[in-house]
Amino acid sequence: MTAAHLLVEGVFGFFATVLVISALGVVVARNPVHAALFLILSFFNAAVLWVLLGAEFLGIVLVLVYVGAVMVLLLFVVMMLDIDLVVIRRGFVRHAPLAAVVALLLAFEIGYVFWARHLGLVSLAPPLRPGTLPNTRALGLRLYRDDLYPFEIAGFLLLVGVVAAIVLTLTHREGVRRQDPSAQVRVEPARRIRLVDPFPKGTPGKGGEGG
Amino acid sequence: MTFGGITLSPEDLRAVVRTVGAVVLTTVGVILSVAYLTYAERKVIGYMQARLGPNRVGRWGLLQPFADVFKLLSKEPVIPDAASRAVFVGAPLLVLTPALAAWAVIPFAPHTAIAPINAGLLYLLALTSLGVYGVILAGWASNSRYALLGAMRSAAQIVSYEIAMGFALVGVLMAAGTLDLGHLVARQAPNILHWYVIPLLPLFFVYFISAVAETNRAPFDVVEGESEIVAGFHVEYSGVMFAMFFLAEYANMILVSTLAATLFLGGWASPFAGLPWGLLAAPGFFWLALKVMILLFCFLWFRATFPRFRYDQIMRLGWKVFVPLTIVWISLEGVALWYRVGPWFAR
């Protein structure tokens, strides 16, 4: 075994362990902000595993999109929440049976995947390493040349979703005072200040200097 | 060499030593640059405001940064009682680490980068988007109203400007056709006309202004607006932990300036490249450093010149001016790419 191999194995072992622990932390943490932090940590570790598998592009994009943007907003919301832990705890016993069913189902499904593979029913191909082609280029060719139409349709559906979300939250209210920055920029002194002579000619008053 | 069945060839060993050495050298270089950037800031703004700036410690005040550092290190780091301890202590690290780790992919000179990976630009985008966590968490963990308000402002501002910044980088990416920073600079190297700042001038301005906003520098410093929220997210920090925030802010300034120089201004390429001027036309670290210094001077200049933006003005500029501008320019660039315009888009 060469040093490089051992290094890869060691790095994988370390990050996989941290991934599992932090995923547990998401569920176990009492404080919702801490749970969100554990989720960020698990995303980060998953990204490292992807990079180790040779999917650098996807790994970095996972960090960029999920850690860099989505989780920032989630953390933002969680920070603003006023969560009373006691109230959440109250429903624990009542929901426990349902949770147990879900957990068992999940465990069965995960176990099934491993079991089925052992029986030779599903053979998982090793991840594709497209030779000398850089990862980004390989993915780009796939998305924008081979599967252009499905990709464009998916993009269009997302766009529709974005527009729908904006339309749903957009409300026009009457009588709301708004600033018009371009009007503010266009303003000229002549339209803002009217110079008046407090002592027009012919009225008695202090004239001249020093008043 | 063999350790329990593991062979470690001399090349491996040498590579490890060389990498560790380069990392240490870069980190020390960044920290020293930060020290003298703070000095330059006080001097430059001082002269702009008809003051002298620091001139007591050492000749011309040159040792002032070290005096400041030792003062900060010798102060007591106070952790508020109601703070969330682990997060409070971890937050400065979360700000500082991305600011230092991003240097791994920067090409300092031809074929000189610690990690010349082929997704360098993406790596940078991903890492620079992590710095915001330290700020948000510092604000939340302090359990202080001012700090939380600062953190909220920061999160909204950084997330908004990241979009414009990302689009500006997409423009560079389209022109270069590569995510590898080394190749990206090499494509600009032939002469000054190849620099991407020429076809992408609006994107350069969007990038640089967004960079000022991302680093929370004046005039985008509502995050620590001292007239409203004292010092914003780091109001509860003192001593070493405050020094780390400070270090990260300045390291980030140097980083974004280096990026602007690398992506738009030809990085290590000489502006006189292609002319028969011998050493002046040769590429090298010197040119990168010079470009970075000019951009950093702009940072200081802005701070001395502009009043602070109002929050709604910041949001308007980011969303209603920069984002549409970059989208329009990227579309135009697509057309230019199709027709292979100039020396930039000919492949």
Amide proton proximity set for B:Val78, modelled H, under 5 Å, gap of 5+: B:Ser238
Centre separation in Å (Cα based) which lies between the stretch B:38-108 and the stretch B:115-167: 19 Å
Centroid-to-centroid separation of the stretch A:141-186 and the stretch A:21-47 [C-alpha atoms, Å]: 32 Å
Table column - 3J(HN,Hα) (Hz), the stretch B:119-128, Karplus curve with 6.51, -1.76, 1.60, x for Gly and Pro: 10, x, 5, 5, 4, 5, 4, 5, 5, 5
Average beta carbon contacts from partner chains per residue of A:51-63, 10 Å cutoff: 3
Mean separation of Cα contacts under 8 Å, 6 or more apart, over the residue count of chain B: relative contact order %: 21 percent
As computed over the protein assembly as shown, the Cα convex hull volume per residue (Å³): 304 Å³
Likely footprinting exposure, B:Arg310, B:Arg303, A:Arg177, fewest C-beta neighbours within 10 Å first: A:Arg177, B:Arg310, B:Arg303
Loop chymotrypsin sites (Phe, Trp or Tyr not before Pro), the stretch B:103-208 (other Cβ atoms within 10 Å of the site Cβ: 14 or fewer; DSSP): none
Whichever aspartates and glutamates have a C-alpha closer than 16 Å to that of B:Lys320, once near sequence neighbours (fewer than 8 apart) are set aside: A:Asp180, B:Glu162, B:Asp312
For chain B, calculated [θ]222 nm from helices alone, where every DSSP H run of n ≥ 4 adds -39500 (n - 2.57): -20500 deg cm²/dmol
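Read-outs: derived from the displayed coordinates by stated rules, not from any lab. On a predicted model such as this, the values are computed, not experimentally measured, just so you know. Counting neighbours? That spans all protein chains shown, and the Cβs are built from the backbone with ideal geometry, glycine included.
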